[in-house]
Amino acid sequence: MSATRFTYLGPEGTFTEAALRTLPEAATRELVPMVSVASALDAVRNGEAAAALVPIENSVEGGVTATLDELASGEPLMIYREVLLPIAFALLVRPGTALSDVKTVTGHPVAQPQVRNWLRANLPDAVWESAASNADGARLVQEGRFDAAFAGEFAAATYGLVPLVTEIHDAENAETRFVLVGRPARPAAPTGADKTSVVLWLGDDHPGALLELLQEFAVRGVNLMLIQSRPTGEGIGNYCFAVDAEGHISDRRVSEALMGLKRTCPQVRFLGSYPRAGVTRSDVREPRPGTSDGDFTAASDWLTRCLDGRA
């Protein structure tokens, strides 16, 4: 395995690259752009890279399905870090292009919902066509295949373009969450401000099946931060669920919830426990009464005394 190489969703100039460069360890690694999320993760699976940074969630559009599906299938991988990056787009064009000249625009599919209102107000007749990434859209503009691309302003110099309009976003404070993914290993020690990610499969389709899964978390006081259904590919109505939960797998409330799910689900894929980006221990609320590690230990001790006749 190449311990000195990180891959990311490329080409150069993507928001993913910008997010990766915020990690201190990126300064000592070779950063290799890949054409897709799948190829970035496959490089980790086959040992060509130590880790890959890929987008997984956007505050406007929701989960990035390409990443969720790749993590749910194939050889298992594990999330070690997450990065939050504020997102604002620039309309990049070839030098000399005016706004009235823009008839075709491109960008990543996740970008379109974030600039839809701006497009409607400023370029109502422009035709949109999706690109593999925002930076790839910039490359296509450079080649003359489109008039403009929505991308990060920092991508302009890489592709010989100029930002015609900057700070474009329909939603204030929009951000994208990225995850650093590697091969499975022992999770990092808990920080007190952690997140645990899993993928769950329903055993069979019956009334209350999803509720039964959620109750494993609810009765133990585990707060869910994301739940998204994804088709399994086995026919209409067959779904798995990507779940982000507050806490670390070593927390008793989280570990017991996962054990409960493992008993009832045909498949549970653990994607990792890792620090929450931008959150410290002091920001995390205390567990609900009865759900702390101490409460679980006291209950276990009580049961032992009952079994020994000492209750």
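Tabulated data
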item: Ala171 vs. criteria in contact (Cβ under 8 Å) with a residue 12 or more places away in the chain and touching a strand residue (DSSP E or B) at 6+ places or on another chain (Cβ under 7 Å); result: no
item: Lone qualifier among Phe241, Phe154, Phe217 - being buried (at least 18 other Cβ atoms within 10 Å of the Cβ), in a helix (DSSP H, G or I) and of a type outside the set (D, E, K, R); result: Phe217
item: Of the criteria (1) more than 28 Å from Val179 (Cβ to Cβ); (2) within 25 Å of the chain's Cα centre (by Cα), which one Ala311 fails; result: (2)
item: Residue count, the range 8-45 (criterion: open to solvent by 60 Å² or more (accessible area, probe 1.4 Å) and outside any loop (DSSP other than H, G, I, E, B)); result: 5
item: Test: residue in the range 272-293 that is touching a His at 6+ places or on another chain (Cβ under 7 Å), open to solvent by less than 60 Å² (accessible area, probe 1.4 Å) and assigned to a helix (DSSP H, G or I); result: no
item: Exclusive hit being more than 24 Å from Glu172 (Cβ to Cβ), touching a residue at least 12 places away in the same chain (Cβ under 8 Å) and in contact with a His (Cβ under 8 Å, 6 or more places away or on another chain), set Ala88, Ala72, Ala132, Ala138; result: Ala132
item: Positions within the range 157-175 being farther than 15 Å from Leu91 by Cβ, out of contact with any Asp or Glu (no Cβ under 6 Å at 6 or more places or on another chain) and not in a loop (DSSP other than H, G, I, E, B), in sequence order; result: Ala157, Glu175
item: Hits in the range 36-82 (condition: over 17 Å from Leu20 (Cβ atoms) and acidic (Asp, Glu)); result: Asp42, Glu61, Asp69, Glu70, Glu75
item: Residue count for the range 190-214, restricted to those that are touching a residue at least 60 places away in the same chain (Cβ under 8 Å) and either out of contact with any helix residue (DSSP H, G or I) (no Cβ under 7 Å at 6 or more places or on another chain) or open to solvent by less than 10 Å² (accessible area, probe 1.4 Å) (or both); result: 10
item: Qualifying residue in the range 253-264 (condition: in contact with a strand residue (DSSP E or B) (Cβ under 9 Å, 6 or more places away or on another chain), in a loop (DSSP other than H, G, I, E, B) and either farther than 23 Å from Glu57 by Cα or open to solvent by 40 Å² or more (accessible area, probe 1.4 Å) (or both)); result: no
item: Test: residue in the range 178-187 that is more than 30 Å from Asn46 (Cα to Cα), open to solvent by 50 Å² or more (accessible area, probe 1.4 Å) and either among the aromatic types (Phe, Trp, Tyr) or more than 20 Å from the chain's Cα centre (by Cα) (or both); result: no
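The values are calculated or read from the model by the stated rules, or taken from the named source; none is laboratory data. Given the structure is predicted, the values throughout are model-derived calculations rather than measurements. FYI the Cβ positions are ideal-geometry reconstructions off the backbone, even for glycines, and counts take in every protein chain you see. For the accessible areas, the whole protein counts, side chains as well, though only heavy atoms, and no ligand, DNA or RNA atoms are used. Shrake-Rupley method; radii C 1.70, N 1.55, O 1.52, S 1.80 Å.
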